[in-house]
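Chemist: Let me give you the structure first, and then I'll get to my questions.
The values are calculated or read from the model by the stated rules, or taken from the named source; none is laboratory data. These figures come from a predicted structure and were not determined experimentally. Virtual Cβ from ideal backbone geometry, glycine too; neighbours counted across all protein chains shown.
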Amino acid sequence: MELVERVNKKGKKVMHYPKLYGKVRKQEKREEAAERQAEHDKLSLKEKVARAVPESKEHKRLLAQIEKAKA
């Protein structure tokens, strides 16, 4: 989403994100999620572990993958 500049009732310039509703908003969310997933896929396994929350399910799963790759 891009910031939009407009003038309010008092004549002051205001920056805001436009509100999206319904199908347009859902499509926007899908596109943003796809972009985040593409960035995440580019990371190495060690970088993914570093980004994961310690002691979370994802963190434990990634550590198990590393151990499995070593064996």
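Matching residues to (1) at pLDDT 90 or above; (2) within 30 Å of residue 65 (Cα to Cα):
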| position | (1), (2) |
| --- | --- |
| 2 | no, no |
| 13 | yes, no |
| 37 | yes, yes |
| 48 | yes, yes |
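Chemist: When the residues of the stretch 7-40 are filtered to those that are β-branched (Val, Ile, Thr) and in contact with a strand residue (DSSP E or B) (Cβ under 9 Å, 6 or more places away or on another chain), which remaining residue is farthest from residue 62 (Cα to Cα)?
Modeler: The residue in question is 7.
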